[in-house]
Every structure is written in structure tokens, then in C-alpha cells.
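Chemist: The structure under discussion is supplied below as C-alpha cells; questions concerning it will follow.
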Amino acid sequence: MEKLIRLGLVVVCVNVVVGFLAGTAFFFYIFRSDPILAAIPVVLALPGILAQPWYVLFLFLQWEPPFAPVLTTLVSVLFYSALDRIGKLEWAKLVLTRFKKIRVARIALVVFFFALAIGVARYFDFPVLRHGVPDGLSLLTKDLDLTLTDPRYYCLVSFVDSEWLWQAELPEADLDRLAGRIRLHPLDADKIGDGFFRMSPYWWHPVISKQTRVLATTDFPMKDRGQDGLHVLATWNPEDEVLHLWIKSNM
């Protein structure tokens, strides 16, 4: 009985970690629209889920977070204990005895750091995942026939409301047509917060000079969500004709 309790405690700890990874994957997929980033915690959690497929059912039943790991552990301990009593786990025990703990730990460590490296790369959008025009602007700009060079965009958050960064090279005439379509007006550069310059993507390096055109929709929210509607902050430099857009699309 004591051995069973110890086993249950170990399994419930593992299942708490698996549940956290599953929740993290859901967050990345729904709120960051990044399937690659979402796949990383799924891969890490996969051994625990494959060994306990009923865990998926408990997660989808949407109980409070503590219940899914506990119920999964209860079912797993009872199920595998029953299999062990009738001798159906001997092959599994034989396989496990052939793995040295140090070797398994090394493999796990390599997988963890590999997944971490991919996660960090995706956080900085390397390599660039999306090209073209972000969803918040695509319908408004589809008939403008903009001359874009190396357009790329990055999702900061996407669910009901969405927030995007967009960078592209385009001529000033196209900038004027774009500004007219989404109702951008000149903005004092001093009103731009530091957060605009410190965004995640490695390619995001807006520069403000005396020649830079700074444009924004009315009352662009620098620090919060803002009111419903489309909010855009833009900078455009005549030296390289690079446009940087910070987009907040609120339903």
C-alpha cells in the first residue's frame, strides 16, 4: 500500500507538469497564433499523454486544473496496477530495465534544451513565420495594390482582440494611400512610448529621426487595449522607405 501511495504521488506530480504543458500549448496556439511554438510543450507532454490517453478526456471536460491530474492519476494507478497483477506489464518492465538512468536523463536534457532553443527562436520570430499583410489590415488594403518589399508581421496576441507588428518597405505615395485608407494622422514623435521600440521580433528596429514620418489613428492607446475598433501607430523613414506599424484590432 505504501508503495502504491508513493507511486501515486510521483504520477500526480508528473501529471501536474503535463497539464501545465498542455495549458501552455493552448495559450500559445489561441493567443499567439503560433502553431510551432504551441507544438513545443505538446511534444514535451506527449509521453505522459500517450501513456494516459484518458488525460485528454479529463482536460476537455474543463474541470478546475487540480482535478484533471488527480483523476488521471487515480485511473492510471488503478489501471496499471490491475495490468501488473495479471502479468501484462512484464514486457514494459523489461524494456525499462535496459535503459540506464543517466542515459535517459541526458536524452531528456538534450530534448529540453532543444525545445527551449526553438521556443526562444520563435519568441524572436526566427525564422520569420508570416509574410504579407496582417489579418487586421488585409481587408482594408486588398484593393490598394501596395508596392511592398519584404513584408513581415508578428502576432503579439490574437483571440477576440488582436495585436500585430508589421514591417515593410514601400514608397511614400503608397504610404499616403495607406494612411488615407486607415485614417492615419501626424503624431508628435515624443508621444511614442518606449515599448514601441522594444518589441520581440529580431527584425523590429524602428528608428526616429527628424525626417521620420510618425502617423497614428486618433487616440492610439500606447499602454492598454484601447476602445473597440482599429488602432494603428506607424513610423516611416524616407532614407530606407521602411514602414513600421503597431496594430491593435479590437472587436
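The values are calculated or read from the model by the stated rules, or taken from the named source; none is laboratory data. Treat the numbers as computed from the prediction; the structure is a model and nothing was measured. A quick note on method: Cβ atoms are made from the backbone with ideal geometry, for glycine too, and the neighbour counts reach across all protein chains shown.
Chemist: Check off (1) within 20 Å of Lys248 (Cα to Cα); (2) outside any loop (DSSP other than H, G, I, E, B) for Lys223 and give me the number that stays unchecked.
Modeler: (2)
Chemist: While we're here: Please pick out the residue among Leu187, Leu230, Leu156 that is assigned by TED's automatic domain parsing to the domain that holds Leu137 and surrounded by 18 or more Cβ atoms within 10 Å (Cβ to Cβ).
Modeler: Leu187
Chemist: Another question about this same structure. Show the residue pairs that are 6+ apart or on different chains and have beta-carbon atoms under 8 Å apart, the first residue being within the range 26-46 and in contact (Cβ under 8 Å) with a residue 40 or more places away in the chain, the second being in a loop (DSSP other than H, G, I, E, B) and of a type in the set (A, V, I, L, M, F, W, C).
Modeler: Partner pairs satisfying both residue conditions: Ile30/Phe159; Phe31/Phe159; Asp34/Leu129; Ile36/Leu129.
Let's see how each residue does on (1) under 23 Å from Asp161 (Cα atoms); (2) modelled with pLDDT under 85; (3) crowded, with 20+ Cβ neighbours inside 10 Å; (4) touching a strand residue (DSSP E or B) at 6+ places or on another chain (Cβ under 6 Å):
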site	(1), (2), (3), (4)
Gly19	no, no, yes, no
Thr24	yes, no, no, no
Phe28	yes, no, yes, no
Leu46	no, no, no, no
Leu57	no, no, no, no
Leu61	no, yes, no, no
Pro65	no, yes, no, no
Leu71	no, no, no, no
Val75	no, no, no, no
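Chemist: Please specify each residue of the range 154-167 satisfying the condition of being touching a Lys or Arg at 6+ places or on another chain (Cβ under 7 Å) and either part of a helix (DSSP H, G or I) or within 15 Å of Thr235 (Cα to Cα) (or both).
Modeler: Gln167
Chemist: Assigned to a loop (DSSP other than H, G, I, E, B), surrounded by fewer than 15 Cβ atoms within 10 Å (Cβ to Cβ) and within 22 Å of the chain's Cα centre (by Cα): is that true of Ser200 in this structure?
Modeler: Yes: the conditions hold for Ser200.
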